[in-house]
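Just below is one structure, and these are the notes that go with it.
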Amino acid sequence: MHSCLSPCANLEMSPSEIVKRAKAAGMDGIALTDHQSARNAPAVAECARRAGLACLCGLEVCTAEEVHTLALFDTPEQALAMTEWVYAAMPKRVNDPDTFGDQPVVTWDDEIVELEWRILAMSCRKAIPEVSAKCHELGGLYVAAHIDRSAFSVYSQLGGIPPDGAFDAVELSRTADEAVWLPKAAGYAVTRSSDAHNLCDVARVWTEADLPAFTVAALKAAFAAKATRISPRLVAF
């Protein structure tokens, strides 16, 4: 899901509210994946720790092919290292909040400490194989995001999932038709995520797996065994 740092997310997506909503929905764990940045990961991770909710820290990397991909890590430090690498490959253009949206960096108790100046809505200059290699080098998992979408997906941009083994799993959107898209994901573990940009969307869909802990290592094993189960899709929302 996204926090208020993502320019397309609602400002109500503060760390404390995200965690509160996830706990109320009965979630065991969440993954924060703001666009091109993990600068709110420390705050969300701290809120999750205080609430007893497992949390993976990551970012949604828009690659040079303009494909949205998810880099997932155990710690904010790993996610922030990935962020710095992505930042170095992004255009040095200053964000215009009126055009792209606000990008607040916040503390665990929702205090705004800075406004991210880069345009997080833009892609970086790194192609999928490069992003995959860096993510794995830092100890993360690399997932092809919302492969069924008509924009910013491996299918919309490349016509299919690259055959180079860059991805550990693929993700379906909350409205993807399983009958159509599960065959297209053959050979990969499949996840389904809320991709929440608003509080009302948190936990509307989910992925299940029998894990000893909500960690990268445990998820990696579940992905390798194709042992994930996805919730039903949302026909309308």
Looking at 205, 170, which is the one that is under 23 Å from residue 86 (Cα atoms) and modelled with pLDDT of 95 or more?
170
From the residues in region 63-90 that are hydroxyl-bearing (Ser, Thr, Tyr) and in contact (Cβ under 8 Å) with a residue 40 or more places away in the chain, which one is nearest to residue 25 (Cα to Cα)?
69
Go through (1) within 24 Å of residue 132 (Cβ to Cβ); (2) without any contact (Cβ under 8 Å) to a residue 40 or more places away in the chain and name the single condition residue 52 misses.
(1)
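Before we move on, is residue 60 in contact (Cβ under 8 Å) with a residue 60 or more places away in the chain and on the phi > 0 side of the Ramachandran plot? Please lay out each step first, then the result.
Values: in contact (Cβ under 8 Å) with a residue 60 or more places away in the chain: yes; on the phi > 0 side of the Ramachandran plot: no.
No: the conditions fail for residue 60.
Under the condition of being out of contact with any Ser or Thr (no Cβ under 7 Å at 6 or more places or on another chain) and either acidic (Asp, Glu) or surrounded by 24 or more Cβ atoms within 10 Å (Cβ to Cβ) (or both), which residue from region 67-76 is farthest from residue 124 (Cα to Cα)?
Within region 67-76, the first condition is being out of contact with any Ser or Thr (no Cβ under 7 Å at 6 or more places or on another chain), and the residues that meet it are 71-73, 75-76.
Subsequent filtering for residues that are either acidic (Asp, Glu) or surrounded by 24 or more Cβ atoms within 10 Å (Cβ to Cβ) (or both) retains 71-73.
Details: 71: 14, 72: 18, 73: 20 Å.
Residue satisfying both the conditions and the ranking: 73.
For region 23-43, what are the residues that are among the hydrophobic types (A, V, I, L, M, F, W, C) and in contact with an Asp or Glu (Cβ under 9 Å, 6 or more places away or on another chain)? Give the steps one after another, and end with the answer.
So the first thing to find is which residues in region 23-43 are among the hydrophobic types (A, V, I, L, M, F, W, C), and the list is 24-25, 27, 30-32, 38, 41, 43.
Passing the criteria: 41, 43.
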Region 22-55 - residue that is over 23 Å from residue 116 (Cβ atoms) and of a type in the set (A, V, I, L, M, F, W, C) and, of those, surrounded by the most Cβ atoms within 10 Å (Cβ to Cβ)
22
Taking residue 148 and the conditions (1) under 26 Å from residue 20 (Cβ atoms); (2) of a type in the set (D, E, K, R); (3) crowded, with 20+ Cβ neighbours inside 10 Å, which numbered condition does it fall short on, given that it satisfies the others?
(1)
If I ask for residues that are out of contact with any Pro (no Cβ under 9 Å at 6 or more places or on another chain) and buried (at least 19 other Cβ atoms within 10 Å of the Cβ), which ones from region 56-66 would you list?
56, 58, 59, 60, 61, 62, 63
Which of the residues belonging to region 54-91 are within 17 Å of residue 40 (Cβ to Cβ), among the charged types (D, E, K, R) and touching a helix residue (DSSP H, G or I) at 6+ places or on another chain (Cβ under 7 Å)?
74
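The values are calculated or read from the model by the stated rules, or taken from the named source; none is laboratory data. This one's a predicted model, so the numbers in the text were calculated from it and none came from an experiment. Every residue, glycine as well, gets a Cβ built from its backbone with ideal geometry; the counts of neighbours run over all protein chains shown.
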